[in-house]
Number of protein chains: 2
Amino acid sequence: MVALQEILLLVDLDNDTSVPVFQVCEWHSPEQLKKLLDLELRDGGEAESEILQRCRDAIRYSVKTSHPRFFNQLYAGMEPYSMVASFIAEAVKTNLYTYEVAPVFTLMEDAVLRKMIKVIGWEEGGDGIFNPGGSLSNMYAVNLARYRYCPDFKEVGMFSAPRLVILTSQECHYSISKGAALMGIGTKNVYTVPTDERGRMIPSALEEKIMLAKSEGAVPFMVNATAGTTVLGAFDPIDEIADICEKHNLWLHVDACWGGAAIMSKKHKHLLKGIHRVDSVAWNPHKMLMASLQCSAFLVRDKTSLLQHCHSARASYLFQQDKFYDVSYDTGDKSVQCSRKPDAFKFWLMWKALGSRELEQRVDRALAMARYLAEEIKKREGFRLVLEPEYANVCFWYLPPSMRNLPESPELWKKLHTVAPVVKQRMMKKGSMMVGYQPLGEKANFFRMVVISPQVSRQDLDFVLNEIHNLGKDL
Amino acid sequence: MVALQEILLLVDLDNDTSVPVFQVCEWHSPEQLKKLLDLELRDGGEAESEILQRCRDAIRYSVKTSHPRFFNQLYAGMEPYSMVASFIAEAVKTNLYTYEVAPVFTLMEDAVLRKMIKVIGWEEGGDGIFNPGGSLSNMYAVNLARYRYCPDFKEVGMFSAPRLVILTSQECHYSISKGAALMGIGTKNVYTVPTDERGRMIPSALEEKIMLAKSEGAVPFMVNATAGTTVLGAFDPIDEIADICEKHNLWLHVDACWGGAAIMSKKHKHLLKGIHRVDSVAWNPHKMLMASLQCSAFLVRDKTSLLQHCHSARASYLFQQDKFYDVSYDTGDKSVQCSRKPDAFKFWLMWKALGSRELEQRVDRALAMARYLAEEIKKREGFRLVLEPEYANVCFWYLPPSMRNLPESPELWKKLHTVAPVVKQRMMKKGSMMVGYQPLGEKANFFRMVVISPQVSRQDLDFVLNEIHNLGKDL
């Protein structure tokens, strides 16, 4: 068999990545890469030396997401303790159905969830579960909110129900819509609430939308507030939204998948002010806190076993009630999944190794670096911030010299819209870095830099700005 | 940082596991284990030596699911190539949103899906996606079937829809109910069809239930056939069910999560006769084919991009349409997830290394071993088969000597019902093996042995029967 050690040497995890010598990516078009990889699966197997080459190729042509110049997604870098945990979890190979088959990970999940609940500030405790991604966590929130509104839906479906409405900001993650579609609520029954100039939900507009839905004879049952929007990194004002939800008896969920990490920091937790009042929270430690993919928690303040009641199917082959131990530790029936990976372990081990204080320092450091980047952008000719960052998202335009003296006009923005895609293409073909871009509403394509990893230095950030200029100055 | 090599030595992956020297598990009650693990997460971190001890403990107290005497779930054993792939996937750390960020794994997923589609026999091709578990794959089927019945539900929800009905056998996996609850259809609108004495759906009874639903004014829209039921390993007669579905214009999904592997074998593929006619299939290579957890494919025969239409949300920050490459390779929007792991790679690498022929031989070997076990059970006093196995599930009762001469009576079965839980408790406390048990309908608790791994020998199977007798003979 292929020696594991050999693979690990290839992956080169133990190397010092502070000196980037490799490219972030080695670009090939899909058609080229298909030829390089020899993807076909055949009747006969291949020799070990060939398989080792397949492994080398898989690594070589994959994007180096742990590279300090990878800024393309809301995850980056490599957290070694978490990665060790993920390797152990793979090797131990189990599912979190029952205590019987996953005793260690069942208890670790419980410990991590309790700690997260404590950090959030739910003094009377709560419940929770790790899910394969924040989208599913957000869907859990929708399902629990719906179940609280009417538990009968679980059995009879929504065919004779009044039209249910979810309220969320126009900047929210698309999983709210995906969830509404999947769950039979419908994307049109997701009412989007306008945001202010910084991307935050406007509470008065929320209340107007609630009244609108009611005036239509619909039933608003849930508000989704976002703590750290995907593009701008905006934080909806939870406290004010909680007031409105209390008044109208609505479930308040906070999608803190990206921004939840701020709560680890004394300096930045004000961004989540009021989170102790909400009904549920989605928080992905695999984003800002750098746990290995995936590591996504759903947390609920309820203490009446709502997760269990809402999702249970009581399969008799798995959740036997005549076991010899306390079957309340068989937590699998809280999930909509059957097989479920022990993702909590990846967060538990790194938290154990680093302690809360180091997690706090990492958040503070990342946000300080984002601040540094924003200040650099303000200093440099040709760069323009989309808005002052509140969190780790630094959004900006790059204007090539040819556009710098053009008057502000739709024509300028139309030209500018084409810049980021070309710069992106060039950076990927060169492999020097990866930064995302997107339009937003009426705004032309802009870059979104996200600073996460402690392996990122000021030099890396300077490099990004210089490189964008080098790649785009002729446009 | 903790040396990866050290961890791997602990996990002992390279050892010859054909000679089991370790226990399958080291049982501790939740309260005891909490003390042993020191789960609390603190402000300060721990030294590396302590973290290494935490890793050792996590491994030590976890169940050894790769042990040749672990028969507790529908997965077992260790497939070294697949595990190498899972380590690489962890280290490369990426999500399958886009070609841009996951070029290699995007193409590998496509290659594996195409190959699986070919094996199934959909001559005109199809589409598919890997999901975190078969439950979600089954839910994808429900969602696509519903979308085909009425695409408007995606936008407007099901509030003014007629009552929709899913039909499935009474032996189906509980994810069908979980899905119906989550998706707003309701568990009561899952009509269960009776099964024959071998646990297979009775086609005439299916048609009766369809007519019943229609007579109630409801709309049957989908039939779920199970290929390899969880407990008995039964295969619903797909061909006959397909006739009925064609007649009534119903979506036919096959939950082949467990039994799909039979299609790799010329000898056993008859179990899935008719699968080339169905609309969708869920098939988990992480079960019988031993890919690392999780590895679950959803396959759909449709060629009109139904997956995309049904699930897409077109997030502009991720699925930009002005990219410089063919964005049809950005497959992430087919998913209800956002973050999604490259699970296909775990199957691709092992298939590449072993070839289809070796996969076939493994299936044949596992089913031959199950047959051996069934014959042994028939030979041995005190053991009684629940039914002749069709697949790898061998279900049987053990009667301790004190019960062997009792007349067949409700009292005997009541007594027998208590035997398996006690034997299970004793095997776990001893750590000698792990075998599942459950009741089924009117049937008293029985053992379900599942033979999967090529590391399992006849000696291991003999051991299981001897050990059950040793542990239960005094009852």
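The values are calculated or read from the model by the stated rules, or taken from the named source; none is laboratory data. Note that the structure is a prediction, hence the values are computed from the model and not measured. With ideal geometry, Cβ positions are generated from the backbone for all residues, glycine too; neighbour counts draw on all protein chains shown. The protein model used for the area step is the full one, side chains on, heavy atoms only, and it has no ligands, DNA or RNA in it. Shrake-Rupley method; radii C 1.70, N 1.55, O 1.52, S 1.80 Å.
Note down all Cβ pairs under 6 Å where the first residue falls in segment B:257-279 and is closer than 21 Å to residue B:176 by Cβ and part of a helix (DSSP H, G or I), the second is among the small types (Gly, Ala, Ser) and open to solvent by less than 20 Å² (accessible area, probe 1.4 Å), and they're at least six residues apart or on different chains. Close Cβ pairs satisfying both conditions: B:259/B:227; B:259/B:228; B:271/B:262; B:272/B:227; B:272/B:262; B:277/B:242. Restricting attention to segment A:149-179, the residues being facing another protein chain (nearest Cβ under 8 Å) and either open to solvent by 10 Å² or more (accessible area, probe 1.4 Å) or under 29 Å from residue A:227 (Cα atoms) (or both) number 15. Here residue A:89 does not qualify as under 16 Å from residue B:81 (Cβ atoms) and either within 9 Å of chain B (Cβ to nearest Cβ) or among the polar types (S, T, N, Q) (or both).
Which of the residues spanning segment A:28-49 are out of contact with any His (no Cβ under 8 Å at 6 or more places or on another chain) and more than 8 Å from chain B (Cβ to nearest Cβ)? Break it down stepwise before answering.
Going through segment A:28-49, the residues out of contact with any His (no Cβ under 8 Å at 6 or more places or on another chain) turn out to be A:28-35, A:37-49.
Matches in segment A:28-49: A:31, A:32, A:35, A:38, A:47, A:49.
Residue A:62 falls short of the stated requirement of being crowded, with 19+ Cβ neighbours inside 10 Å, of a type in the set (Gly, Ala, Ser) and in contact (Cβ under 8 Å) with a residue 60 or more places away in the chain. Does residue B:222 qualify as being of a type outside the set (Gly, Ala, Ser) and assigned to a loop (DSSP other than H, G, I, E, B)? No, not satisfied.
Residues in segment A:1-59 that are of a type outside the set (D, E, K, R), at pLDDT 95 or above, open to solvent by less than 40 Å² (accessible area, probe 1.4 Å) and not in a loop (DSSP other than H, G, I, E, B): A:30, A:33, A:37, A:51, A:52, A:55, A:58, A:59. Screening the candidates B:252, B:206, B:212 for the property of being more than 22 Å from the chain's Cα centre (by Cα), modelled with pLDDT of 95 or more and open to solvent by less than 10 Å² (accessible area, probe 1.4 Å) yields one hit, B:206.
Among the residues making up segment A:443-460, those that are in contact with a strand residue (DSSP E or B) (Cβ under 8 Å, 6 or more places away or on another chain) and not β-branched (Val, Ile, Thr) are A:444, A:445, A:446, A:447, A:448, A:449.
Could you list all residues from segment A:180-193 that are open to solvent by less than 30 Å² (accessible area, probe 1.4 Å), more than 7 Å from chain B (Cβ to nearest Cβ) and either among the aromatic types (Phe, Trp, Tyr) or under 21 Å from the mean Cα position of the chain (by Cα) (or both)?
Initially, segment A:180-193 is screened for residues open to solvent by less than 30 Å² (accessible area, probe 1.4 Å), giving A:180-186, A:189-191, A:193.
Now restrict to residues that are more than 7 Å from chain B (Cβ to nearest Cβ): A:180, A:190-191, A:193.
Passing the criteria: A:180, A:190, A:191.
Being in a helix (DSSP H, G or I) and either in contact (Cβ under 8 Å) with a residue 12 or more places away in the chain or more than 7 Å from chain B (Cβ to nearest Cβ) (or both) is not true of residue A:76.
Here the condition is being open to solvent by less than 10 Å² (accessible area, probe 1.4 Å) and part of a loop (DSSP other than H, G, I, E, B); of A:217, A:199, it holds for A:199 alone. Number of residues in segment B:291-315 that are closer than 18 Å to residue B:111 by Cα, in a loop (DSSP other than H, G, I, E, B) and more than 13 Å from chain A (Cβ to nearest Cβ) equals 4.
Could you grab me the full set of residues in segment B:331-366 that are assigned to a helix (DSSP H, G or I) and among the polar types (S, T, N, Q)?
Within segment B:331-366, the first condition is being assigned to a helix (DSSP H, G or I), and the residues that meet it are B:331-334, B:344-366.
Once the filter is applied, which keeps residues that are assigned to a helix (DSSP H, G or I) and among the polar types (S, T, N, Q), segment B:331-366 yields B:331, B:356, B:361.
A search for C-beta distances below 6 Å between a residue of segment B:433-453 that is within 11 Å of chain A (Cβ to nearest Cβ) and any residue that is assigned to a strand (DSSP E or B) and open to solvent by 10 Å² or more (accessible area, probe 1.4 Å), counting only pairs 6+ apart in sequence or on different chains, returns B:445/B:439; B:446/B:397.
Results for (1) out of contact with any Lys or Arg (no Cβ under 9 Å at 6 or more places or on another chain); (2) facing chain B (nearest Cβ under 10 Å); (3) at pLDDT 95 or above, shown as yes or no for each residue.
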position: A:346; (1), (2), (3): yes, yes, yes
position: A:349; (1), (2), (3): no, yes, yes
position: A:352; (1), (2), (3): no, yes, yes
position: A:384; (1), (2), (3): no, no, yes
position: A:389; (1), (2), (3): no, no, yes
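Taking the criterion of being open to solvent by 10 Å² or more (accessible area, probe 1.4 Å) and facing another protein chain (nearest Cβ under 7 Å), the residues of segment B:104-121 that qualify are B:111, B:115.
Anything in segment B:72-86 that is open to solvent by less than 10 Å² (accessible area, probe 1.4 Å) and either under 16 Å from residue A:88 (Cβ atoms) or in the same structural domain as residue B:286 (by the TED database) (or both)? List them, or say none. Result: B:83, B:84, B:86.
To keep it simple, each residue is scored yes or no on (1) over 24 Å from residue B:26 (Cα atoms); (2) modelled with pLDDT of 95 or more.
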{"position": "B:414", "(1), (2)": "yes, yes"}
{"position": "B:420", "(1), (2)": "no, yes"}
{"position": "B:431", "(1), (2)": "no, yes"}
{"position": "B:439", "(1), (2)": "yes, no"}
{"position": "B:445", "(1), (2)": "yes, yes"}
{"position": "B:455", "(1), (2)": "no, no"}
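Could we say that residue A:99 is farther than 23 Å from residue B:340 by Cβ, at the interface with chain B (Cβ under 7 Å from one of its Cβ atoms), touching a residue at least 24 places away in the same chain (Cβ under 8 Å) and open to solvent by 10 Å² or more (accessible area, probe 1.4 Å) here? Outline the logic, then answer.
Numbers: farther than 23 Å from residue B:340 by Cβ: yes; at the interface with chain B (Cβ under 7 Å from one of its Cβ atoms): yes; touching a residue at least 24 places away in the same chain (Cβ under 8 Å): yes; open to solvent by 10 Å² or more (accessible area, probe 1.4 Å): no.
In short, no.
A quick yes/no check of all residues on (1) crowded, with 17+ Cβ neighbours inside 10 Å; (2) among the basic types (Lys, Arg); (3) over 25 Å from the mean Cα position of the chain (by Cα); (4) not assigned by the TED database to the domain that holds residue B:108:
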position	(1), (2), (3), (4)
B:292	yes, no, no, no
B:302	yes, no, no, no
B:307	yes, no, no, no
B:328	no, no, yes, no
B:341	yes, yes, no, no
B:359	yes, no, no, yes
B:370	yes, no, no, yes
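Restricting segment B:319-330 to residues that are part of a loop (DSSP other than H, G, I, E, B) and more than 8 Å from chain A (Cβ to nearest Cβ) leaves a set whose member that is nearest to residue B:126 (Cα to Cα) is B:330.
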